[in-house]
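First up is the structure itself, then whatever we jot down about it.
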Amino acid sequence: MRITDITTHVVGNPWKNWVFCVVHTDEGLTGLGEGTLNGFGRTVEAAIHELKPLVLGRDPRDVADVALHLWRDVFSDGGQVHGSALAAIELACWDILGKAAGLPLYRLWGGRCHERLRVYANGWYRGEGGRTPEAFAAQAREVVRRGYTALKFDPFGAAWRVVDRREFDLAIDLIAAVREAVGPEVDILIEGHNRFTVSTALQFAERMAPYRPAWFEAPVPPQRVRATVEVARRSPVPVAVGEDYYCREQFAELLSYDAVHIVQLEPQFLGMTAARDVVGMAQAHEAVTAPHSAQGPVCSLACAHLNMASPNFYIHEMFDEFNEPWENRLLTHPLRVVDGAVVPPDRPGLGTELDLDEVRRHPYQVSNYLPLFKSGWEKRTGDPEAGGAG
């Protein structure tokens with residue numbers, strides 16, 4: 001079996017253009033992958049096509065070899081763009097391997113470690129009422145009513161590095177309101193989006209601690225690992241990080257400090273071959289994994305397969321139920337939440353295909369990205385200053 005072509009599809013989701021690729025073979029089998037990256041949809045699509053010559057003619061079932069050539073042979077560190085393009089092609093090759101073997105991906109990666117995967121809701125706080133304790137509380141209650149036992153949110157508005165006292169107090173009030181709304185048995189997870197200095201992050205950690213968050217995610221920018229380590233060692237709230245890293249070596253450095261024990265690897269930057277290595281590295285450091293799954297619906301499925309085969313899995317991120325309603329029509333078999341949990345499909349490979357008719361109904365728009373440092377970003381309607389996202 002040989003790779004004969006790679007085609008791409010960019011879908012205009014209002015808050016992040018989703019990038020999908022299909023790997024074609026001379027035996028008629030195809031594989032589906034995703035390479036979504038906020039703000040760089042067309043860039044990643046171009047990178048996929050620039051990498052394509054490195055794998056044409058190769059056997060897609062030799063996935064580790066395909067991934068090695070996609071990373072090593074360009075002799076450049078293309079960061080998250082490079083990682084996203086690699087991951088899209090590599091996941092499609094895994095999908096082909098699963099179809100050829102007649103097995104779901106999690107069976108190829110070691111088999112079932114869990115009966116179900118507990119999920120946390122994300123993206124739920126985009127409704128009416130604005131950034132107020134009352135609005136966040138009302139939406140949180142609805143999430144719990146739908147069966148979720150954990151939910152994540154960013155209470156920090158458009159904050160960057162430091163905040164004034166009024167904004168600081170509002171963020172804490174939002175956390176308090178959500179905790180009161182959902183009760184003591186539901187986990188709340190606080191998203192930091194790499195916003196703060198070490199000192200600001202630690203001030204927030206101290207103030208939010210009485211509300212017992214399960215984690216404080218990405219409190220400081222990821223580039224200086226020592227800053228993350230300092231916060232993790234001093235914070236009374238567990239720190240979760242890793243979604244920004246795109247190679248094994250970055251995780252090796254992070255884990256060497258034994259300070260962070262919730263690892264949020266991003267399979268769409270790593271590729272699944274490297275992602276599985278990182279799961280093993282985390283296991284060796286007595287850490288748990290909660291992969292970043294905030295891209296598109298193919299990413300959700302891929303993470304579910306990875307999590308099912310990971311003995312140190314902690315919790316699965318779920319955006320899909322809080323996206324545009326047409327998302328459920330993009331895939332023939334999307335991931336479904338039942339009683340606050342998901343189970344990956346038992347069909348071969350990823351277990352799904354793209355509906356190309358639905359893809360064509362939602363074209364790329366340059367305004368489709370998440371402007372995290374602009375007021376109102378949490379509504380996830382794109383950047384109106386870039387031409388409107390619809």
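Values quoted throughout were computed directly from the atomic coordinates according to the rules given, and no laboratory measurement underlies them. Computed from a predicted model, the values in this text were never measured in an experiment. Don't worry about glycine lacking a Cβ; one is built from the backbone with ideal geometry, like all the others, and counts go over all protein chains shown.
Taking 0.36 nm per residue of separation and subtracting the current Cα-Cα distance, fully stretching the chain between A135 and Q283 would add 49.4 nm.
Under the 0.36 nm per residue contour assumption, what length would be gained going from the current alpha-carbon distance of V366 and R146 to full extension? Intermediate values should be presented prior to the final figure.
Values: separation 220, 0.36 × 220 = 79.20 nm, distance 3.35 nm.
Separation in residues times 0.36 nm, less the Cα-Cα distance, equals 75.8 nm.
Counting other Cβ atoms within 10 Å as a rough exposure proxy, the listed residues K99, K374 run K374, K99 from fewest neighbours to most.
For K374, the shell of other residues with beta-carbons less than 9 Å away shows a net charge of -2, using +1 for Lys and Arg and -1 for Asp and Glu.
Rounded to the nearest 20 debye, what is the charge dipole size of region 107-350 about its Cα centre when +1 sits on each Lys and Arg Cβ and -1 on each Asp and Glu Cβ? Could you put the intermediate results ahead of the total?
Details: 26 positive and 31 negative charges, 38 e Å.
For this selection, approximately 180 debye.
For W15, the shell of other residues with beta-carbons less than 14 Å away shows a net charge of -1, using +1 for Lys and Arg and -1 for Asp and Glu.
Give me the lysines in straight-line cross-link reach of K16: C-alpha distance below 18 Å, same-chain residues under 8 apart excluded. Filter leaves K374, K379. Placing a label point 7 Å from the Cα of D5 along the Cα-to-Cβ direction, the residues of region 360-374 whose backbone N falls under 19 Å from that point are 360. Remark: the H49-S256 segment gains 70.9 nm on full extension, using 0.36 nm per residue and subtracting the alpha carbon distance. Between E249 and V162, the modelled labels are 3.5 nm apart [label points 7 Å from Cα along Cα→Cβ].
Mean separation of Cα pairs under 8 Å and 6+ residues apart, divided by the residue count of the chain: what relative contact order is that in percent?
Working: 851 pairs, mean separation 84.4, N = 390.
Relative contact order, the chain: 22 percent.
Scaling against 2.2 N^0.38 Å puts the C-alpha radius of gyration of region 107-350 at 0.98. Sequence-ordered 3J(HN,Hα) estimates for region 234-239 from the Karplus curve with 6.51, -1.76 and 1.60 and θ = phi - 60° stand at 9, 6, x, 10, x, 9 Hz, glycine and proline given as x.
Taking other C-beta atoms within 10 angstrom as a stand-in for reagent exposure, S199, S310 fall in the order S199, S310, fewest first. Relative contact order for region 85-150: 25 percent, from Cα pairs under 8 Å spaced at least 6 residues apart, divided by residue count.
FRET efficiency for R234 and D65, Cβ-Cβ distance as r, R0 = 45 Å, nearest 0.05?
Numbers: r = 44 Å, r/R0 = 0.97.
The calculated FRET efficiency here is 0.55.
Close amide H partners of V239, meaning residues 5 or more places away or on another chain with modelled amide H under 5 Å apart, are F216, H261. With K and R counted +1 and D and E -1, the other residues having a Cβ less than 13 Å from that of L97 yield a net charge of -2. Residues T200, T7, T381 in ascending order of nearby Cβ atoms (within 10 Å, fewest first): T7, T381, T200.
On the principal axes of its alpha-carbon atoms, region 227-380 has extents of 49, 42, 31 Å, going from largest to smallest. Computed 3J(HN,Hα) for region 315-331, one whole-Hz value per residue from the Karplus formula 6.51 cos²θ - 1.76 cosθ + 1.60 where θ = phi - 60°, is 7, 9, 7, 10, 9, 4, 6, 10, 9, 5, x, 6, 4, 5, 9, 6, 10, glycine and proline marked x.
Could you check what % of the DSSP bridge pairs in the chain are antiparallel, to the nearest 5? Before the final figure, lay out the partial values.
Working: 18 of 38 bridges.
DSSP beta bridges in the chain are roughly 45 percent antiparallel.
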